[in-house]
1. When only residues in segment 141-173 that are over 19 Å from residue 59 (Cα atoms) and free of Cβ contacts under 8 Å to residues at least 12 places away in the same chain count, which is surrounded by the fewest Cβ atoms within 10 Å (Cβ to Cβ)?
2. Any residue in segment 25-44 that's on the phi > 0 side of the Ramachandran plot and surrounded by 15 or more Cβ atoms within 10 Å (Cβ to Cβ): show its pairings with residues that are at pLDDT below 90 and part of a loop (DSSP other than H, G, I, E, B) at Cβ separation under 9 Å, as long as the two are six or more apart or on different chains.
3. Out of the residues in segment 49-84 that are surrounded by fewer than 13 Cβ atoms within 10 Å (Cβ to Cβ) and touching a strand residue (DSSP E or B) at 6+ places or on another chain (Cβ under 8 Å), state the one that is modelled with the lowest pLDDT.
4. Only one of these conditions is not met by residue 150: (1) at pLDDT 90 or above; (2) more than 21 Å from residue 34 (Cα to Cα); (3) not in a strand (DSSP E or B). Which number is it?
5. If the requirement is being modelled with pLDDT of 70 or more and closer than 21 Å to residue 163 by Cβ, which of these qualifies: 38, 46, 26?
6. Here's a check for you: in segment 100-140, which residue that is surrounded by fewer than 16 Cβ atoms within 10 Å (Cβ to Cβ) and under 18 Å from residue 28 (Cβ atoms) is modelled with the highest pLDDT?
């Protein structure tokens, strides 16, 4: 009798763990990952990016009426984010040996009055999406998740191209 209960408890623990893993890492839209956020209510995207091992960090602000704003928010709306189990542990620092073809970018999404998950109102930068040379992290409401998207290299490159095109339209090299 005791062995059967032990086996049943072990099977239940494995099943519960599997359910947790599948639920935690399920694909979600940005709006599902960040409850209360609606991308159509985003007012502006403050961004910075860098390409190559000698380039400087380039700051940029995309306003709602900019074509690049629409392109970036569309890429965010259509992306399906999966949280990594590594997000359950302290993320710590990051380093990367730079190569000439490397790039990174940071998106800070600004909103007006938005109801946050804890019931309070928030405004300003509420969502941060950081691509650190291929490591994607999303921060919202005091939480940070390491994430992935399908076809991540292509998706990251598409965001980078939008930022570079917007920078050229502003008259920067």
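1. 142
2. 36/116; 36/117; 36/141
3. 52
4. Of everything listed in (1) at pLDDT 90 or above; (2) more than 21 Å from residue 34 (Cα to Cα); (3) not in a strand (DSSP E or B), residue 150 misses just condition (2).
5. When all the criteria are applied, what remains is 46.
6. Per the criteria, the residue is 128.
The values are calculated or read from the model by the stated rules, or taken from the named source; none is laboratory data. Everything quoted here is computed from the prediction, not taken from an experiment. Don't worry about glycine lacking a Cβ; one is built from the backbone with ideal geometry, like all the others, and counts go over all protein chains shown.
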